[in-house]
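Please treat every number below as a calculation from the coordinates, not as lab data. Just so it is clear, the model here is predicted, and its values are computed rather than measured. In this analysis, Cβ positions are derived from the backbone assuming ideal geometry, glycine residues included, and neighbour counts consider all displayed protein chains.
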Amino acid sequence: MTYVLELEKLESGYGETQVLFGVNLKARKGQITALLGSNGAGKSTTLWTIMGIVKPWGGKILFNGEDVTMLPPYKKVNIGMTLVPEGRRLWPQLTVEEHLIMAASIPRSKERAQEILEMVYQLFPRLKERRNQLAGTLSGGEQQMLAIARGLMLNPVLFMLDEPSLGLAPKLVQEIAETISKLRDEWKLTVLLVEQNIHMSMQIADYAYIIENGRIVLEGTVDELKENPMVKKAYLGL
Amino acid sequence: MEFISNIIYGLIYGAILGAVASGLTLIWGVMKVVNLAHGHLAVLGAFLAVIFYKYTPITIDPSLSPIIAFIIGALFGIFFYYTSLHVIVGKAETMTLKVEMSSLLSTFGFGVALYGLLYYGSAQGWYLQFEGLTGWTIQVGGKPYFEILGVSIQYSWLVGLFYAVILIALVELFLRKTVWGLAIRAVAQDSRAVALTGYDPVKVKLLTTVLSTAMALSAGAIFTLYIQNGINPDLEHFLAPLSFVIVVLGGLGSVIGTFIGGLIIGLAYGITMALTGTQAIALSVSFVILVVILLVKPQGLFGR
Ligand SMILES: Nc1ncnc2c1ncn2[C@@H]1O[C@H](COP(=O)(O)OP(=O)(O)O)[C@@H](O)[C@H]1O
Ligand SMILES: [Mg+2]
């Protein structure tokens, strides 16, 4: 098994408050790994720390076996680590196309920009129709598509998504889930999916971690976890 | 005839005022830093033009001073950014009103310091008078001006106009044709997302400040090509308000608006000046125009 991302005893927090207490997690190449947990468990903090937006206090982050613990965010992006953040974080006054151009212009993507753009528009035909529209005027579902599209334009190896289903209608959640499966199966990306929506994640993920109070409390293949009594009770409501 | 002259002079003057405002369009209109030092930076550029001419071992022709001032301005912009802006805007994720207001205070402080420095310099006897600077005006065939349809136009004004247009075109190109132009618009809206898209937000902010400062100094040097009759630190009291008027008039962040806004103010100024001969009245007219436009079209002429 090859791991694209490995977290070893990762610790971090905000100001004086520690949030992560030694998180161990691995993202398997070509698979969808899910990081699941309830609100405030430390999922987003894990992702911000992986990207270097929140500075790690201790532990290690390995990307393709290389130590990238202290790399600044923009350098991590340029080696293929991409995060689609919670709440989309689009630029409301920029058009759809301007978002994509921004991402496509980094050194890492430049050469393949045209090719990826076509793939992205094929994945999200809606965005092509709306390419001259300001991001602030898009619907919630379209905004999530644009956030994912912007991430894909960065030519990623590791694709991380923070609660992509948040605030979307069930039908759109299903669409996003299908898109994420495609990213694994057709785009050959390694995905780290952070979700509170356990049902949706269990449906598409291969391996999952459960985080509580900044610690991983359980891990296993999705099939194993589905049978786990604790998961059944606490998360699947069975 | 007099009237036509005044219109032509007003337009040339307006283009040059537009150039003075163009750096402000970038840093305030787009990056949302209310740069109250902008006028002082332009005055510094004007001082430099004279210093290059009079106080350096090699005399630098005034017609080249906008270029030199641009280069020095770029270096000065790094200093400006790290002394006044970095702490406030470097880590700011969005340029909220609070951040804008903090930037207003810190750039005000920087401007006052710069003003003090230039004032001190003036008092020390490097008071910069253009009289006695022979050769300052650009001459062709022994004459500093030419006549066309009975209107006489100075060569140095033409050179100033040339630089003014170049400077405004430069911001336009930067904002529209480079990805950095997109990046500064993005950085004002959500800089964390800019980092997640592979750019260093601090670099984007630094670059914008550097370019804006370079433009301010260069525009100051251009301005000396126009006025030619002595500059002092108080020139700021004239350049800064007009720059703000022009940027708001044209619409925040609109480069073409800055150019047209400059022309309108220049025209109004030129005509009122010709009719009344009083600078104070000419200045007030600019503000009256601003108020009227803001009542009719609050986002400015070309604002979105
Ligand atoms: N910017 C912040 N400053 C201080 N505390 C924060 C900040 N962001 C999150 N936290 C705290 O860190 C903990 C984990 O939050 P988060 O990682 O956002 O959880 P999750 O994404 O799993 O909902 C929470 O207790 C939250 O209050
Ligand atoms: Mg979260």
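I need the shape label for the stretch B:25-106. Rule: rounded when a/c is under 1.5, else prolate if a/b > b/c, else oblate, with a, b, c from the alpha carbon gyration tensor.
prolate
Using unit Cβ charges (K, R positive; D, E negative) and no other charged atoms, how large, in debye to the nearest 20, is the dipole of the stretch A:87-155 about its Cα centre?
Dipole size: approximately 180 debye.
Quick check: from the Cα gyration tensor, does the stretch B:65-220 come out rounded (a/c under 1.5), prolate or oblate?
It is oblate, given that a/c is not under 1.5 and a/b is not larger than b/c.
I'd like the chymotrypsin sites (Phe, Trp or Tyr not before Pro) in the stretch B:9-108 restricted to DSSP loop residues with at most 12 other Cβ atoms within 10 Å, sorted by number.
The qualifying sites are B:Y55.
For the stretch B:236-304, what's the relative contact order in percent, using C-alpha pairs closer than 8 Å and at least 6 residues apart?
Rounded, it is 40 percent for the stretch B:236-304.
Where does each of B:M95, B:M215, A:M202 land when they are ranked from fewest to most other beta-carbon atoms within 10 angstrom?
Listed from fewest to most nearby Cβ atoms, that is A:M202, B:M95, B:M215.
Only Lys, Arg, Asp and Glu count, each charged at its Cβ (+1, +1, -1, -1), so figure out the dipole size of the protein assembly as shown about its Cα centre, rounded to 20 debye.
Charge dipole, the protein assembly as shown, about its Cα centre: 320 debye, nearest 20.
Specify which residue in the list B:Q189, B:G266, B:S65 is farthest towards the positive end of the charge dipole of chain B, using unit charges on the beta carbon of Lys, Arg (+1) and Asp, Glu (-1), about the Cα centre.
B:Q189
Stick to Cα atoms and the Kirkwood definition of Rh, then tell me Rg/Rh for chain B.
0.98
Near A:K60, which aspartates and glutamates are there with a Cα under 13 Å away, not counting those fewer than 8 places off in the same chain?
By straight Cα distance, A:K60 reaches A:E6, A:E8, A:E11.
Would you mind computing Rg(Cα) / (2.2 N^0.38 Å) for chain A, counting N as its residues?
Expressed relative to 2.2 N^0.38 Å, the Cα Rg reads 0.98.
Relative contact order of the stretch A:87-155: what whole-number percent is it, with Cα pairs under 8 angstrom and at least 6 residues apart?
53
When ranked by the protection proxy of mean other Cβ atoms within 10 Å per residue, highest first, what sequence do the peptides A:148-158, B:263-273 form?
Top of the packing list down: A:148-158, B:263-273.
If R0 is 41 Å, what FRET efficiency do you get for B:L149 and B:L295 from their C-beta distance, rounded to 0.05?
Computed FRET efficiency for B:L149 and B:L295: 0.65.
By the scheme Lys and Arg +1, Asp and Glu -1, what is the net charge of all other residues having a beta-carbon under 11 Å from that of A:K182?
-2
Could you tell me the relative contact order of chain A? Use alpha-carbon pairs under 8 Å, at least six residues apart, and round to a whole percent.
27
Can you give the alpha-carbon Rg of the stretch A:87-155 over 2.2 N^0.38 Å, where N counts its residues?
0.99
Grab the stretch B:2-296 and count how many Lys pairs have their alpha-carbon atoms under 17 Å apart, sequence gap of 8 or more, or different chains.
6
Hey, got the dipole for chain A? About the Cα centre, +1 on K and R Cβ, -1 on D and E Cβ, debye to the nearest 20?
260
Assuming a ≥ b ≥ c are the square roots of the Cα gyration tensor eigenvalues, decide whether the protein assembly as shown counts as rounded (a/c under 1.5), prolate (otherwise, with a/b larger than b/c) or oblate.
Prolate, since a/c reaches 1.5 and a/b exceeds b/c.
Across the stretch A:29-42, in residue order, what do the Karplus-derived ³J(HN,Hα) couplings come to in whole Hz, using 6.51 cos²θ - 1.76 cosθ + 1.60 with θ = phi - 60° and x for Gly and Pro?
4, x, 10, 9, 9, 9, 10, 10, x, 7, 4, x, 6, x
Mean Kyte-Doolittle of at least 0.0 and a Cα length of 18 Å or more along the axis: which whole DSSP H helices of chain B meet both?
B:2-24, B:38-54, B:65-80, B:97-121, B:155-177, B:201-227, B:236-250, B:255-276, B:279-296
Would you grab the residues whose amide H sits under 5 Å from the one on A:V217? Only those 5+ places off in sequence or on another chain, please, with H modelled 1.01 Å from N.
A:I210, A:I211, A:E212
When N is the residue count of the stretch A:111-238, what does its C-alpha Rg come to as a fraction of 2.2 N^0.38 Å?
That ratio works out to 1.17.
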